[in-house]
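Read-outs throughout are calculated quantities, based only on the coordinates presented, and are distinct from any laboratory measurement. From a predicted model like this one, the values you see are computed outputs, not experimental measurements. Cβ: placed from backbone, ideal geometry, glycine included. Neighbour counts: every protein chain shown.
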Amino acid sequence: MAFPKEMIALGAGIAFSFALVAGSQAQEFPSGPITIVVPFSASGSAPNVLARNLADRLQAEWGQPVVVENRPGAAGQIAAQYVAGHTADGHTLMMGSVATHVLGSAMRDEMQVDTLTAFEPISQFGYTPMLISANAELGVSSLEELIEHAQENPGTVTYMSVGVGSAAHLAAELLQSVTGIEMIHVPYEGVSQATLDLVSGEVNVGFSNIINMVQFIEEGQVVPLAVTDVDRSTVLPDTPAIAEIHPEATVELWWGLYAPAGTPAEVVEALSTEVNEMVSEPELVEEFASGGATLKGTTPEGLQELMMADYEKWSRIIEEAGI
């Protein structure tokens, strides 16, 4: 069927007009205030500090107000529902993490918001590894000795976590899967009591934040065995990285920035560039390194690949462990 030249010209004109509108929208971003939603309570935690650093940076460079809003609860689903329900224009963003965007989906069949599909990944911010440590009275001084002890005394070694399905629980299950050892899980409602019981010897082994254990390591009550990273921590340079012993047992508790699905690629790229430049600032890198964290940016595709690789890994561990 042949179309009149007038119709072809009209169609081309309409298409050109749409292209101009789309281009102008991308160039105008941001056209109003930006909100960064953090799915954790307001505190001095890494996600909160990074979100506020980014807010200050974007506000200074883009000339629009940028606010950080804390919406904790429901393992990140409250924040996820809020952000995913907004217009996909880059003005409402979410500070996600492996916990909010991977572990929830891996553990639950039904969720209000499917975090694997409801968002556009923008960039990773960085991560913290975990520290595997033992009460000094257990009598082990390395991860190899812990594994040997657990093999010789199956079902006697206990480890603490802050709850079923927590990062510590999953990290311990991963180590058991990789090494074939068996340990007894002792879940707690909070990190304070879990740490106190590790220090006192009520439980034998801990999977925890590095900084939380430094004092007890210096006092000789707790022995550091391995950091669940590919590299050693500058906080504990004499403690091996688990990649030196069992590379398959690495655990990175990462954070990343997300926008609602459908956000224009130009907006995603602009935000990704800002995050990557921010996490490369030497002073900020040093500040977070002193707290046991590694700052690291990625492309949007890099964050997507990280998210799906972790989803596959943790889904397998959760199924194997029957969590």
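Before moving on, here are some points about what is shown:
- Semi-axis lengths, largest first, of the ellipsoid equivalent to the range 256-323 are 27, 21, 8 Å, with √(5λ) applied to each eigenvalue of the Cα gyration tensor.
- Nearest-20 debye value, the range 131-249 charge dipole, Cβ charges on Lys, Arg, Asp, Glu: 220 debye
- Residue 64/residue 283 FRET efficiency (R0 30 Å; Cβ-Cβ; nearest 0.05): 0.75
- Both radii are taken from the alpha-carbon atoms of the range 131-249; with Rh as the Kirkwood radius, Rg/Rh is 0.92.
- Qualifying GluC sites (Glu not before Pro) in the range 217-323, DSSP loop, other Cβ atoms within 10 Å at most 15: 219
- The range 131-249: relative contact order in percent, alpha carbon pairs under 8 Å with at least 6 residues between: 34 percent
- Computed magnitude of the charge dipole of the chain (debye, nearest 20; Cβ of K, R +1, Cβ of D, E -1): 980 debye
- Identified option (computed mean projected area of the Cα convex hull in nm²; candidates [x] 20.2; [y] 22.2; [z] 15.4): [x]
- Rounded to whole Å, the principal axis extents of the Cα atoms in the range 62-172 read 59, 35, 20, largest first.
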